[in-house]
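These notes are about the structure you will find just below.
The values are calculated or read from the model by the stated rules, or taken from the named source; none is laboratory data. As the structure is a prediction and not an experimental result, all values here were calculated from the model. Cβ placement follows ideal geometry from the backbone for every residue including glycine, while neighbour counts extend to all protein chains displayed.
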Amino acid sequence: MSLLGRLKYISRFIAQLTTACEPIFKLLKKDAAVKWTDECQEAFDKIKGIEQAIYYLSKKFTSYEVKYTPLEWTCCALTWVAQKLKHYLSSYTTYLISRLDPLKYIFQKPIPT
């Protein structure tokens, strides 16, 4: 289950991951015999090689920031990250993928205040 959760998470970022994982997915079929083959091991090793951290940042909120709403936490974190990774963000096209609807609303406004 842990492997499936990780696969689901990284599949959004890696093209054709489902094709690479096909031997593992065959094991999940209803009447399929669960037998770990060399093909499954190769797919697993390939997946392990794909998943890696690109950059790691950590921030502890101050006593005032802890009192923010979840939307304000997100905005605060994005601002902090934009300052820390300014050299990456100014050199490359960056996409923000968010499940937080109010955040999408803010960025759709012509001039966010």
Elements of type helices (runs of 4 or more DSSP H) in the range 32-94, at least 2 residues being aliphatic (A, V, I, L, M):
38-50, 70-84
Options A43, A82, A20: the member that is at pLDDT 80 or above, under 18 Å from the mean Cα position of the chain (by Cα), surrounded by 10 or more Cβ atoms within 10 Å (Cβ to Cβ) and among the small types (G, A, S):
A82
Would you confirm whether any residue within the range 47-54 is more than 30 Å from L27 (Cα to Cα), at pLDDT 85 or above and exposed (fewer than 13 other Cβ atoms within 10 Å of the Cβ)?
no
Across (1) at pLDDT below 80; (2) surrounded by 12 or more Cβ atoms within 10 Å (Cβ to Cβ), M1 clears everything bar (2)
Counting only residues that are surrounded by 11 or more Cβ atoms within 10 Å (Cβ to Cβ) and touching a helix residue (DSSP H, G or I) at 6+ places or on another chain (Cβ under 9 Å), the range 85-100 contains a total of 3
Between residues in the range 67-91 that are within 19 Å of L57 (Cα to Cα) and residues that are among the acidic types (D, E) and surrounded by 10 or more Cβ atoms within 10 Å (Cβ to Cβ), which pairs lie under 9 Å by C-beta distance while being six or more apart or on different chains?
E72/E65; W73/E65; C76/E65
